[in-house]
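Novice: Input: one structure, supplied below.
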Amino acid sequence: MEQINENSQASPKSKWEAKVSARLRKASAEEVWPVYTDFFNFGKWFPGLATCYGVHGTNGEPGCIRYVSGFSISSQKGSGGADKGSLRWAKERLVAVDHGERRLSYEIVDGNIGFNSYVATVKIVPLPGGTGGYHDDDDGQDGCVIEWSFTVDPVEGLNLDDMKTKFEVGLQGVVKRIEDANLSSN
């Protein structure tokens, strides 16, 4: 996996915006997309989540809501009085899904992690060479890029660079689990 294309912007009064990306060499866009559209079960892929399950709607359809807990990404003291060391949780609503573009957006609608007005977009980008991915001459495997971008009001106890680093670490964990699963199925 390699880190690529990272952007971030911050000003004292505006929302924080950032994007992190990672390349998968051993999984195509077609293989990775279902990991994200299985919205209620994403916890098995994201190492920082202890719990992830559906609380409303149909899994993978806009409007559905999942409950997640055990965050590695949160403020020092989230809203609702959650101190460092206590259970961190959020309810996230799937806002949009575009299967053709392999893009989805979700927002936090409730929680104690200190993220206000949080909206994230994930896009799975096939690398050049086909609809599913690019055939890498070095290792003979398809590949793709996961792009994870977000906007959020400034988070108490964090700065944007620290938050972005936490997202990078989370994405690296997802990529490792996806590539390990792909390797074990061959």
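Novice: Considering only residues that are out of contact with any helix residue (DSSP H, G or I) (no Cβ under 7 Å at 6 or more places or on another chain), part of a loop (DSSP other than H, G, I, E, B) and closer than 22 Å to VAL32 by Cβ, which ones fall in segment 96-126?
Specialist: Matches in segment 96-126: HIS99, GLY100, GLU101.
Novice: Of all residues in segment 16-67, which are surrounded by fewer than 16 Cβ atoms within 10 Å (Cβ to Cβ) and of a type in the set (Phe, Trp, Tyr)?
Specialist: TYR53
Novice: Just one of GLY132, GLY70, GLY57 is at positive phi, modelled with pLDDT under 95 and not hydroxyl-bearing (Ser, Thr, Tyr); which is it?
Specialist: Answer to the check: GLY70.
Novice: State which residue is surrounded by the fewest Cβ atoms within 10 Å (Cβ to Cβ) when the search covers only segment 99-115 and only residues that are at pLDDT 95 or above, closer than 19 Å to LYS19 by Cα and not basic (Lys, Arg).
Specialist: Only one residue fits best here, namely GLU101.
The values are calculated or read from the model by the stated rules, or taken from the named source; none is laboratory data. The structure presented is a predicted model; accordingly, all values stated were derived computationally and were not measured. Using ideal geometry, Cβ is built from the backbone for each residue, glycine included, and neighbour counts are taken over all protein chains shown.
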